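Note sheet for the following structure.
The values are calculated or read from the model by the stated rules, or taken from the named source; none is laboratory data. What you are looking at is a predicted structure, and each value in this text was computed from that prediction instead of being measured. Positions of Cβ are backbone-derived with ideal geometry, glycine not excepted, and every protein chain shown enters the neighbour counts.
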Amino acid sequence: MISHIVIKDIDNKLPASLSPAVHKLLRRTLKYQGLMITDDLQMGAITQYAKLHHTNADVLALKAGNDMLLGGNYQTGIPAIKRAIKHGSISQKQINNSVRRILKLKEKLGILK
């Protein structure tokens, strides 16, 4: 789970959950291949950040590199994510990679047969 803390030495502007730099560090430098899940995206600091920057926290979280989102606003988040994919700001390849990681974990846990 990626928390909303700011790690100034990595990204002094974005919380870890919304920071591409943090996700790149985990994936590329540390070679982490598991799921990345956000902390609750409805927490005040995140909703305020998204509102201040006229953006959607769910889209920011996916753009950063999270595979799964916790507690986003689904009524606005899903349409915003669909638009981001349609306009290319979130790639279909990224979505496919996230789905593979989710399915791989489900298979490992015996949820898929």
Handout entry: All positions within region 63-113 that are of a type in the set (Val, Ile, Thr), part of a helix (DSSP H, G or I) and within 22 Å of ALA16 (Cβ to Cβ)
Key = ILE81, ILE95, ILE102
Handout entry: Unmet criterion (only one of (1) touching a strand residue (DSSP E or B) at 6+ places or on another chain (Cβ under 7 Å); (2) part of a helix (DSSP H, G or I); (3) without any contact (Cβ under 8 Å) to a residue 40 or more places away in the chain) for ASP39
Key = (2)
Practice task
Give just the number: which of (1) modelled with pLDDT of 95 or more; (2) among the hydroxyl-bearing types (Ser, Thr, Tyr); (3) exposed (fewer than 15 other Cβ atoms within 10 Å of the Cβ) does SER98 not satisfy?
Solution key: (3)
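Identify all residues within region 50-72 that are touching a residue at least 12 places away in the same chain (Cβ under 8 Å) and surrounded by fewer than 18 Cβ atoms within 10 Å (Cβ to Cβ); write none if there are none. Give the derivation first.
Start the filter on region 50-72 by keeping residues that are touching a residue at least 12 places away in the same chain (Cβ under 8 Å), which leaves 56-72.
Across region 50-72, the qualifying residues are MET68, LEU70, GLY71.
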Practice task
May I ask you to verify whether LEU25 is over 12 Å from the mean Cα position of the chain (by Cα), aliphatic (A, V, I, L, M) and modelled with pLDDT of 95 or more?
Solution key: yes
